[in-house]
1. For a quick check of your reading: which strands (runs of 3 or more DSSP E) sit entirely within the stretch 230-297 and have at least 2 residues that are under 23 Å from residue 366 (Cα atoms)?
2. Mind telling me which of the residues 114, 101, 121, 92 ends up being over 30 Å from residue 243 (Cβ atoms) and at pLDDT 90 or above?
3. What are the residue pairs meeting all of these: first residue in the stretch 183-207, first residue modelled with pLDDT under 90, second residue part of a loop (DSSP other than H, G, I, E, B), Cβ atoms under 9 Å, and 6 or more apart or on different chains?
4. Of all residues being buried (at least 18 other Cβ atoms within 10 Å of the Cβ) and modelled with pLDDT of 90 or more in the stretch 52-66, which is farthest from residue 225 (Cα to Cα)? Just the residue, please.
5. Report yes if residue 312 is exposed (fewer than 15 other Cβ atoms within 10 Å of the Cβ) and within 40 Å of the chain's Cα centre (by Cα), otherwise no.
6. Could you tell me whether any residue of the stretch 69-78 is touching a residue at least 12 places away in the same chain (Cβ under 8 Å), more than 30 Å from residue 273 (Cβ to Cβ), under 29 Å from the mean Cα position of the chain (by Cα) and not in a helix (DSSP H, G or I)?
7. Only one of (1) exposed (fewer than 15 other Cβ atoms within 10 Å of the Cβ); (2) within 30 Å of residue 112 (Cβ to Cβ); (3) in contact with a helix residue (DSSP H, G or I) (Cβ under 7 Å, 6 or more places away or on another chain) fails for residue 172. Which number is that?
């Protein structure tokens, strides 16, 4: 009799278990849900970047020379044209002095040519003309006297030679006088020598100027890599300057957020070194190409009023604000499926079933997204972390923390 009782009890247990399993299947698998909430949302893009100056300059020498004096240190602010360092220049100064002396000599010779040589040449023409006239008369008299028999032919030959000599001297004087006129070759040569001397002085001054290195703009000295006595060579960086006049932020944005970026977009940033002091920025540049290795697009943000504590190369976090809506239907991003494709959808809990529901998205915030169409406030969505698929019988389990009354957080205090 006892075996029969045990067998009946076992059957009863199996029946109870089967009934429980059937009831569970009818009730469905428990899943977590998040409710569509009406709240505010901020569409933003978050990135990490670095502060940079508008321009960064590496200062070096154009010649090989010994550093004689360094007048600045790291952190100094310098004005445009301020002397930064001086190289040894004794040889260059001597060359400049020599070039200036040559210039004085060339100008003196030009003055001498204009005030002495040219007038003397003109007087030489007058004297040669007088001598030629006298020789011509003497030749005429000698010809007449020889014809009358008073002189021999030798006398006429001597007069002819004197006339030819006077004519040659007159031509030479005329050529010399012409060369010393304002448009003559001697005046041109003198002017050319002056120009050459002026150019030589300019070259010497330029070589000397290379040995006194000045700041090309208002700047902040970032690094100093030279000390008195060290050797400066072309290509070696002696100082590094950061241009003043406003800082900028260089950052890389994930390419999936490229559609959200527009020039002039407002942003807020915070330096890692000063987490409680945010400052304003504005998107000023979007790179035309995407980095294929990192999958990011380079952006630059202008900082119109940089706080005094900011320094180049600081790490900063940036939030670019693309839009705000104080009253929107919002779901956590994890509840929207295929959000980056053409047909996003949500898995809703409706009448004990998991129902695929297409939606149209609006603003996208940090960890949340606006539902523009397809859902209503209070609808319960099944996050992607749950294993339910469309058509499954499901039932409400514990709610996801923060699913109601959520405000899209910002990593920057406002």
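1. Strands (runs of 3 or more DSSP E) meeting the threshold: 247-254, 266-271, 278-291.
2. 101
3. Listed by first residue and then by second, the contacts come to 186/180; 187/180; 187/181.
4. Going through the qualifying residues, I end up with 65.
5. no
6. No, that holds for no residue.
7. Single failed check for residue 172: (3).
Residue-by-condition table, conditions (1) assigned by TED's automatic domain parsing to the domain that holds residue 181; (2) out of contact with any helix residue (DSSP H, G or I) (no Cβ under 7 Å at 6 or more places or on another chain); (3) closer than 30 Å to residue 187 by Cβ; (4) in a helix (DSSP H, G or I):
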| residue | (1), (2), (3), (4) |
| --- | --- |
| 109 | yes, no, yes, yes |
| 116 | yes, yes, yes, yes |
| 123 | yes, yes, yes, yes |
| 127 | yes, yes, yes, yes |
| 139 | yes, no, no, yes |
| 150 | yes, yes, no, no |
| 162 | yes, no, no, yes |
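The values are calculated or read from the model by the stated rules, or taken from the named source; none is laboratory data. Everything quoted here is computed from the prediction, not taken from an experiment. Cβ coordinates were reconstructed from backbone atoms using ideal geometry, including for glycine residues, and neighbour counts include every protein chain displayed.
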